[in-house]
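Below is one structure, written out as structure tokens; comments come after it.
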Amino acid sequence: MLQNNILNFLQYCKNSSFSKRSIESLTFRLTEFNQFLNASPVRSVCDIKFPHLVQFVTDFKQPSVHVKKARIWSLHQFFHYLKLQQLITDNIALNLPYPKIEKKIPQFLTTDEFKLILKHFGQHATTPIGLRNLVIISLLGFLGLCTATIKICRPIQFTL
């Protein structure tokens, strides 16, 4: 139903210097939106109402929070274009709120885990590279930046 409008919009995005990744994302999300609309009784751009947008963002193929955010961004951009082309009077997509994405809480090493790592690197500090590694691990630990080393250090089994 929207195929011609989508193609014109994507050409507009290319002319407006959207990044390659943005255009890929817009292409994918708007193709999804077109599939969604083809399964509904909507037959023209003017027939699309806010509940259709909400249903697409939340229900269509059970999306994650990140997919919902990408869909909303795509709809904002697409409906802005439709309004510029005077195909619609209002950008109804602007009323779609972006979902809140929860931040992950970092996991820090315990004191015992950090001592174990220091002991391991201390035993291997007999060469210049070993000493360098000990200094790096010490700095990371004392500055509280050991969350970055968890993925590296946890799988390694150290013995006391």
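Values in this text are rule-based calculations from the coordinates and carry no lab data. All figures in this text were calculated on a predicted structure; none of them were measured in a lab. Positions of Cβ are backbone-derived with ideal geometry, glycine not excepted, and every protein chain shown enters the neighbour counts.
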Over 19 Å (Cα to Cα) - which of K20/K49; K68/K103; K14/K69; K20/K83 fall in this group: K20/K49; K14/K69; K20/K83
Reachable lysines from K119, criterion Cα separation under 25 angstrom, eight or more residues apart if same chain: K151
Rh by Kirkwood over Cα pairs, then Stokes-Einstein D for region 1-116 at 1.002 mPa s and 20 °C, µm²/s: 135 µm²/s
Sites matching trypsin sites (Lys or Arg not before Pro) across region 103-140 that sit in DSSP coil, with at most 10 neighbouring C-beta atoms within 10 Å: K103, K104
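To the nearest 20 debye, what is the magnitude of the charge dipole of the chain about its Cα centre, counting +1 on the Cβ of each Lys and Arg and -1 on the Cβ of each Asp and Glu? Before the final figure, lay out each step's value.
Details: 19 positive and 8 negative charges, 47 e Å.
Roughly 220 debye for the chain.
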Value of [θ]222 nm, deg cm²/dmol, for the chain, DSSP H segments ≥ 4, -39500 (n - 2.57) each, nearest 500: -18500 deg cm²/dmol
Derived scalar couplings ³J(HN,Hα) [region 82-88; Karplus, 6.51 cos²θ - 1.76 cosθ + 1.60; whole Hz; x for Gly, Pro]: 4, 5, 4, 7, 6, 8, 9
Estimated vicinal HN-Hα couplings, Hz - region 132-140 in sequence order (Karplus 6.51, -1.76, 1.60; Gly, Pro = x): 4, 4, 5, 5, 4, 5, 4, 4, 4
